[in-house]
Amino acid sequence: MRFHLRRPAVGLGAIVLAVFALIGSPSVAGAHPAPAVTAAGSISWSDCGNGFQCGKLTVPIDYQNPDGAKIDLALQRLPARNPSSRIGSLLVNPGGPGGSAIDFLRSWGQAVSRNIRDRFDLVAFDPRGVGQSAPIVCHDTLQALVAVDPTPDTPQEWQQADDAAKKFDGDCQKKYASFLPFVGTKNVARDMESVRLALGEDKLTYVGYSYGTEIGQVYADMYPDRVRAFVLDGAIDVSLGFQESSRLQMVGFERAFQSYLADCRQKQCGLAKNGDPEQAVDALLAKVDQKPLPAAGADRPAGPGETLLGIIAALYSKFTWTQLTNALLQAINNGDGTQLVNLADEYLERRPDGSYPNLIEANLAVNYVDQVCPKDPKVYEQLAVEWAKSSPHFGASAASSGVTCAFWQAKPDPVTVPKAHGAPPIVVISTTNDPATPYEEGVALSKQLESGRLLIHRGEGHAVYVLGGDQCIDTAVNNYLLNLAAPESGTTCGNGPPPPESAASPSPTSAGASRTPDASPTGTPVPGATATQHAPGPPNTGNGHANGTARVAAVMLAFVVVAAALAGVAVGLQRTRNQD
């Protein structure tokens with residue numbers, strides 16, 4: 001799933017709903033066509049509480065036919081607190097595809113540093129097909145999808161996966177056949193250009209997480225002269241084909257799972273007190289595969305789909321490892337899958353009335369336009385066996401989720417490898433043990449972009465700026481956004497896991513240390529200061545927004561997601577969000 005939702009699918013496919021995004025196939029570099037977006041619509045802003053303004057912008061469904069059918073994009077804005085020193089508009093997207101940028105801005109806008117809040121109008125729009133922007137809604141409930149066995153190992157179970165995929169895809173096609181071919185990232189980038197024109201900005205400042213990095217890189221490739229400062233955090237490498245993209249992402253989740261287990265062993269968490277924690281989890285997965293686990297505090301038992309999705313949800317951030325341990329202990333020791341079901345539902349953004357948003361439909365619709373995937377369902381059965389070798393816990397589920405793509409009927413419009421020729425420096429942030437968008441993808445994107453600057457976070461979790469509590473990262477990014485002082489490529493923050501051995505990373509800016517702006521006690525960048533690798537500290541130390549960071553992390557987890565999400569996404573902090 002990019003948010004990475006990067007991509008869901010059927011059943012656990014719902015699990016991989018954000019997890020194993022099948023990103024587009026390789027294509028010609030730097031070849032994004034950009035039909036002219038010449039007519040700027042107008043946005044009529046109205047107050048929508050807590051300082052936020054809401055608005056709508058009408059755009060064509062097909063930019064090749066600007067006088068044809070149209071849709072309304074939903075926007076939200078938090079005006080700069082110091083208009084006299086205002087720099088411009090800063091757009092943000094949390095990923096997915098399928099995450100509502102509007103919902104995300106409500107929390108993220110309260111968590112960014114004082115200087116960012118003072119000097120930028122913070123703006124978000126829900127991408128087409130998502131949230132409040134002509135949402136694609138094909139389902140009554142996602143529970144049937146989530147319940148499909150994510151690791152089918154009999155012809156009957158594969159047939160169930162095929163049937164669920166055909167039904168879901170058919171419902172979407174019947175309702176949105178004329179819209180689905182136009183929801184891909186190329187058109188989202190064109191929508192972003194329409195937003196720029198409507199805002200009256202000469203150039204854009206942008207922060208994109210997970211799938212949001214794909215929006216950013218496609219936009220920069222189409223409109224390089226309209227880029228002011230772009231931050232792409234939890235980056236996606238669109239050059240990867242279907243198989244390599246899926247393989248790399250499931251390897252990322254396997255790495256994160258093994259880090260969780262190693263931490264559990266070292267700290268003697270509850271799972272490790274009666275034996276090896278990995279064996280305990282494997283035994284639980286085998287048990288629920290035979291018979292769903294009762295869940296006294298949920299409306300359904302924890303089957304294999306809910307159980308695996310619950311585990312994956314908690315792997316997006318190290319902040320939620322304790323919650324994962326508690327959920328697993330409840331299931332293993334008490335035979336109660338309530339917390340696992342709740343983790344899965346938090347991940348899917350279940351509402352109080354039991355309904356779900358259109359996260360899955362939007363995620364599928366965008367990914368299956370952006371990519372080309374095998375159309376023979378039998379191919380996925382073969383991939384399940386192959387990918388289980390690379391990722392014993394998640395490989396087969398990634399393959400089974402792909403069946404949804406096999407039956408998707410909308411014509412693809414694949415994204416191409418970006419160059420962003422002529423754009424100013426673009427900062428790409430990659431975390432060494434990111435489960436949803438593995439470190440290697442950020443390294444690749446930083447090289448594909450002609451002006452890419454790689455900023456490395458040694459740590460756990462999906463995405464980090466504002467969300468991860470690393471002051472070193474936050475300071476470097478804030479200095480770039482405010483002063484256009486891009487960090488040197490290879491600048492490193494954090495003292496967590498080193499880059500994976502398989503990843504070729506650039507040399508650091510100095511032996512054993514990394515050059516990056518430091519911060520004053522108030523969080524104001526101090527140009528020219530240097531720092532060695534910083535360990536992550538409390539969220540936004542010095543910014544006064546620790547609670548806001550907790551809320552935004554909770555929101556990210558829901559999206560993701562991708563995650564995303566995304567990303568510092570603390571499911572365990574969901575309660576904080578609900579109390580605000």
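The values are calculated or read from the model by the stated rules, or taken from the named source; none is laboratory data. Please read these numbers as outputs of a predicted model, since none were measured by experiment. Backbone-built Cβ (ideal geometry, glycine too); neighbour counts: all protein chains shown. Accessible surface is based on the protein model in full, side chains and every heavy atom, while ligands, DNA and RNA are left aside. Shrake-Rupley method; radii C 1.70, N 1.55, O 1.52, S 1.80 Å.
Can you pull out the residues in segment 203-231 that are surrounded by 23 or more Cβ atoms within 10 Å (Cβ to Cβ) and assigned to a helix (DSSP H, G or I)? Step through it out loud before you land on a result.
Going residue by residue through segment 203-231, those that are surrounded by 23 or more Cβ atoms within 10 Å (Cβ to Cβ) are 204-221, 229-231.
Correct list: Tyr211, Gly212, Thr213, Glu214, Ile215, Gly216, Gln217, Val218, Tyr219, Ala220, Asp221.
Here's the yes/no breakdown for (1) modelled with pLDDT under 95; (2) surrounded by 15 or more Cβ atoms within 10 Å (Cβ to Cβ); (3) in contact with a strand residue (DSSP E or B) (Cβ under 9 Å, 6 or more places away or on another chain):
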position: Gly13; (1), (2), (3): yes, yes, no
position: Leu22; (1), (2), (3): yes, yes, no
position: Val28; (1), (2), (3): yes, no, no
position: Gly41; (1), (2), (3): yes, yes, yes
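What do you reckon, is Pro150 open to solvent by less than 60 Å² (accessible area, probe 1.4 Å), farther than 14 Å from Asn363 by Cβ and under 23 Å from the mean Cα position of the chain (by Cα)?
On the way: open to solvent by less than 60 Å² (accessible area, probe 1.4 Å): yes; farther than 14 Å from Asn363 by Cβ: yes; under 23 Å from the mean Cα position of the chain (by Cα): yes.
So Pro150 passes the test.
Number of residues in segment 62-101 that are surrounded by fewer than 20 Cβ atoms within 10 Å (Cβ to Cβ) and part of a helix (DSSP H, G or I) equals 3. Inside segment 336-386, can you point out the residues that are part of a helix (DSSP H, G or I), under 24 Å from Ala314 (Cβ atoms) and over 22 Å from the mean Cα position of the chain (by Cα)? Thr338, Gln339, Ala384 - these are the residues of segment 336-386 that are part of a helix (DSSP H, G or I), under 24 Å from Ala314 (Cβ atoms) and over 22 Å from the mean Cα position of the chain (by Cα). Just one of the listed residues (Ser133, Ser178) is assigned to a loop (DSSP other than H, G, I, E, B), in contact with a Leu (Cβ under 6 Å, 6 or more places away or on another chain) and modelled with pLDDT of 90 or more, namely Ser133. On inspection, Arg114 qualifies as modelled with pLDDT of 95 or more, out of contact with any Asp or Glu (no Cβ under 9 Å at 6 or more places or on another chain) and open to solvent by 20 Å² or more (accessible area, probe 1.4 Å).
Taking segment 355-379 as the range and being modelled with pLDDT under 90, hydroxyl-bearing (Ser, Thr, Tyr) and crowded, with 24+ Cβ neighbours inside 10 Å as the test, no residue passes.
Given the structure, is Gly234 over 14 Å from Asp126 (Cα atoms), of a type outside the set (Ser, Thr, Tyr) and open to solvent by 10 Å² or more (accessible area, probe 1.4 Å)? Reasoning before the result, please.
Values: over 14 Å from Asp126 (Cα atoms): yes; of a type outside the set (Ser, Thr, Tyr): yes; open to solvent by 10 Å² or more (accessible area, probe 1.4 Å): no.
No.
Selection over segment 403-440 of residues that are under 22 Å from Ala314 (Cα atoms) and of a type in the set (S, T, N, Q) gives a count of 5.
Yes/no matrix, rows are residues, columns are (1) open to solvent by less than 10 Å² (accessible area, probe 1.4 Å); (2) among the hydroxyl-bearing types (Ser, Thr, Tyr); (3) at positive phi:
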position	(1), (2), (3)
Val385	no, no, no
Ala388	no, no, no
Ser391	yes, yes, no
Cys405	yes, no, no
Lys411	no, no, no
Pro414	no, no, no
Ser430	yes, yes, no
Tyr439	yes, yes, no
Lys447	no, no, no
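Among the residues of segment 49-64, the one identified as in contact with a strand residue (DSSP E or B) (Cβ under 8 Å, 6 or more places away or on another chain) and charged (D, E, K, R) is Lys56. Of the residues contained in segment 180-195, none is found to be basic (Lys, Arg) and surrounded by fewer than 21 Cβ atoms within 10 Å (Cβ to Cβ).
Name the residues in segment 288-310 that are buried (at least 24 other Cβ atoms within 10 Å of the Cβ) and either within 20 Å of the chain's Cα centre (by Cα) or under 24 Å from Ser259 (Cα atoms) (or both), would you? Walk me through it before giving the result.
We begin by selecting, within segment 288-310, every residue buried (at least 24 other Cβ atoms within 10 Å of the Cβ); these are 302-310.
Of everything in segment 288-310, those that are buried (at least 24 other Cβ atoms within 10 Å of the Cβ) and either within 20 Å of the chain's Cα centre (by Cα) or under 24 Å from Ser259 (Cα atoms) (or both) turn out to be Pro304, Gly305, Glu306, Thr307, Leu308, Leu309, Gly310.
Take segment 490-511 and flag every residue that is among the hydroxyl-bearing types (Ser, Thr, Tyr), open to solvent by less than 50 Å² (accessible area, probe 1.4 Å) and modelled with pLDDT of 55 or more. Matches in segment 490-511: Thr491, Thr492. Within segment 137-145, one or more residues are of a type in the set (Ser, Thr, Tyr), under 24 Å from the mean Cα position of the chain (by Cα) and either open to solvent by 20 Å² or more (accessible area, probe 1.4 Å) or within 21 Å of Asp62 (Cβ to Cβ) (or both).
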